[in-house]
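Please read the structure below before turning to the comments.
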Amino acid sequence: SFSGGERSISTFCFLIALWGSIYQPFRLLDEIDIYMDNEKRNSCLEHLYENTQYYSSSQHVIFTPQAIDSALWKRLNVPIFCMPTPKRSLE
């Protein structure tokens with residue numbers, strides 16, 4: 001049985017392979033990196049960035065609850081949009 005990180009990487013690789021065969025105007029990834037350690041996550045995100053450059057006619061959106069490594073994204077010149085922390089009340 002694969003660990004959570006191994007399943008995440010396998011899913012990521014499968015999606016990248018599919019993108020080469022199927023044109024989509026939008027490509028969305030939701031929590032694809034949730035079980036990856038930082039080293040594997042950064043490696044996959046760099047590979048994803050290279051892939052987005054190759055398929056530049058599509059828009060790519062990535063949702064993640066994890067902290068963003070700002071040094072990586074600044075180096076890649078990728079815009080990041082962070083949602084504000086929701087206001088919660090006990091009422």
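Where a number appears in this text, it was derived from the coordinates with a stated rule and is not lab data. Keep in mind it's a predicted model, so treat the numbers as computed, not measured. Cβ coordinates were reconstructed from backbone atoms using ideal geometry, including for glycine residues, and neighbour counts include every protein chain displayed.
Things to note:
- Multiplying the residue separation of THR11 and PHE63 by 0.36 nm and removing their Cα-Cα distance gives an extension gain of 17.2 nm.
- Under 5 Å between amide hydrogens, built in the peptide plane, is the criterion, and for ILE62 it picks out LEU29 among residues at least 5 positions away or on other chains.
- Measuring nothing but how far apart in sequence close Cα pairs (under 8 Å, 6+ apart) lie, relative to its length, the chain scores a relative contact order of 32 percent.
- Using θ = phi - 60° and Karplus 6.51 cos²θ - 1.76 cosθ + 1.60, couplings along segment 49-54 (whole Hz; Gly, Pro as x): 4, 4, 5, 5, 5, 6
- Neighbour-count ranking [beta-carbon atoms within 10 angstrom, fewest first] of LYS74, LYS40, LYS87: LYS87, LYS74, LYS40
- Segment ASN38-PHE81, extension gain: residue separation times 0.36 nm, minus the distance between their alpha carbons: 13.5 nm
- More than 17 angstrom apart: percent of Cα pairs within the chain: 54 percent
- Evaluating 6.51 cos²θ - 1.76 cosθ + 1.60 at θ = phi - 60° for every residue in segment 24-32, the Karplus couplings come out as 9, x, 10, 10, 10, 10, 10, 6, 5 Hz, glycine and proline recorded as x.
- Within a Gaussian network of the chain (alpha carbon springs, distance under 10 Å), most fluctuating of ASN42, ASN77, ASN51: ASN77
- Distance between the pseudo-spin-label points of TYR49 and ARG88 (7 Å out from Cα toward the beta carbon): 3.3 nm.
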